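Beneath this line is the structure, given in structure tokens, with notes to follow.
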């Protein structure tokens with residue numbers, strides 16, 4: 001609760017629509033975040049680890065993935081809470097965008113020079129932490145500055161970089177050779193975040209309106225009362241299960257192509273990375289085809305729950321053919337179906353979350369908690385996948401688990417009552 005009786009403008013609900021220039025810069029900032037976030041973990045780190053530890057690559061990659069995801073458990077809500085309480089003439093969000101971007105750039109350069117699994121794991125940890133800091137400045141910008149009736153379309157455009165980051169990143173990586181150069185190329189992209197940070201208007205928070213901060217208050221922030229804020233709790237629960245479903249279905253795709261489809265035997269002269277790039281490209285095109293349209297449609301209809309459910313259910317359907325008939329053709333079809341569903345889900349679910357935040361003074365912390373529900377599953381996916389893949393069902397069981405969790409996550413969205 002604010003210390004002063006009156007609410008400052010910086011904490012009020014935005015009513016003035018943002019212009020096209022603001023949207024373009026915000027989209028570029030997301031390019032600067034999502035490409036360095038997703039491309040190294042999908043393309044570079046698996047290959048880097050396979051080169052370092054070819055025999056134990058599955059276990060080593062699981063460990064590295066967990067190290068990166070674990071950092072977000074504490075850092076994301078902490079950075080968000082501190083962002084909410086940041087005062088000074090530079091605004092609340094700008095300092096976190098700048099600091100996070102600089103750390104991200106340094107972490108990418110350092111990771112590219114590593115020659116041990118431990119070194120890659122440390123790089124993954126620092127890199128993940130930097131994205132949590134960037135997120136503390138970038139995620140609350142939408143509820144801070146974009147009115148509710150415009151959030152679907154704005155987030156639709158902003159999610160295009162997330163949807164297309166892997167295909168764009170894969171093409172960029174093809175321009176240079178060697179891990180150091182490829183990581184260095186990724187390290188240049190956060191400059192786009194800095195461009196947005198210095199161009200956006202970021203109203204400062206008056207010191208008299210800054211809530212006190214303590215470890216007790218911070219730890220208490222992890223607990224959101226289901227009785228006081230049931231819709232936010234249901235939204236986070238839905239996100240968590242959707243994250244588990246998506247993660248179990250996609251994290252081990254490089255090894256699925258290599259160990260199950262035997263891609264290099266199917267297509268002599270091509271590498272598994274080539275096959276991965278094709279699957280990702282098909283998936284990205286399908287995702288981009290629906291992400292902006294679904295966000296715009298949710299604004300026009302004023303209905304977000306239905307679209308979130310349809311998107312999540314479609315994602316679940318995509319995993320079933322991979323479990324029953326794992327062929328190269330089926331993999332491509334599944335990639336299209338998954339992309340269509342993910343595109344519908346992506347922007348609309350984020351817009352829905354911004355409408356159920358518990359308090360305007362805690363937007364940064366609460367958005368961090370909501371975003372944590374999409375990254376926290378990646379702490380659990382590697383051990384879950386290791387157990388499932390070690391069982392009799394192998395990848396078939398893994399994809400069925402993915403479908404089941406996605407269906408349950410999609411169904412939970414109907415428990416939200418304050419948003420149509």
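Rule-based calculations on the coordinates, nothing more; no lab input. None of the values given here were measured: they were computed from a predicted structure. Using ideal geometry, Cβ is built from the backbone for each residue, glycine included, and neighbour counts are taken over all protein chains shown.
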*Per-pair calculated FRET efficiency, R0 = 41 Å: residue 203 and residue 51 via Cβ, rounded to 0.05*: 0.25
_Which residue fluctuates most in the GNM of the chain (Cα springs below 10 Å): 155, 97, 301?_
301
*asked:* At 7 Å along Cα-to-Cβ for each site, give me the label-to-label distance between residue 73 and residue 265 in nm.
replied: 4.0
_Of 287, 87, 329, the one that fluctuates the most in a GNM where the chain has Cα springs shorter than 10 Å_ = 329
*What order do you get for 415, 365 when you list them from fewest to most C-beta neighbours inside 10 Å?*
415, 365
*By the gyration tensor of its Cα atoms, with a ≥ b ≥ c the square roots of the eigenvalues, what is the shape of segment 292-420: rounded for a/c under 1.5, prolate for a/b over b/c, or oblate?*
oblate
*asked:* If I build a Gaussian network model for the chain, linking alpha-carbon pairs within less than 10 angstrom, which residue out of 190, 140, 204 has the largest mean-square fluctuation?
replied: 204
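At 222 nm, what value in deg cm²/dmol follows for the chain if DSSP H runs of at least 4 each add -39500 (n - 2.57) and the sum is divided by all its residues, to the nearest 500?
Only helices count here, giving -23500 deg cm²/dmol.
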*asked:* To make sure I understand, if each residue's beta carbon is the centre and we count other beta carbons within 10 Å, what order do 22, 96, 414 fall in, fewest to most?
replied: 414, 22, 96
*Compute the long axis of helix 395-412 from its Cα atoms, compare it with the longest principal axis of the Cα atoms of the chain, and write down the angle in degrees, 0 to 90, nearest 10.*
20
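Quote the FRET efficiency, to the nearest 0.05, computed for residue 191 versus residue 90 with a Förster distance R0 of 22 Å and r equal to the Cβ-Cβ distance.
Here the calculated transfer efficiency is 0.75.
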*Over the chain, calculate the relative contact order: mean separation of alpha carbon pairs under 8 Å at least 6 apart, over the residue count, as a percent.*
27
*Crossing angle, helix 328-354 versus the chain [Cα axis fit, 0-90 degrees, rounded to tens]*: 10
*May I ask you to derive the FRET efficiency for residue 16 and residue 327 from their Cβ-Cβ distance with R0 = 60 Å, giving the value to the nearest 0.05?*
0.70
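In what sequence do 227, 417 fall when counting other Cβ within 10 Å, fewest first?
Ordered by Cβ neighbours within 10 Å, fewest first: 227, 417.
Let a ≥ b ≥ c be the square roots of the eigenvalues of the Cα gyration tensor of the chain; is it rounded (a/c under 1.5), or, if not, prolate (a/b larger than b/c) or oblate?
Prolate.
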*If you stretched the chain out fully between residue 223 and residue 109, how much longer would it get, using 0.36 nm times the residue separation minus the C-alpha to C-alpha distance?*
37.4 nm
*When a/c is below 1.5 the answer is rounded, else prolate if a/b is larger than b/c, else oblate, so apply that to segment 18-101 with a ≥ b ≥ c taken from the square roots of the Cα gyration tensor eigenvalues.*
oblate
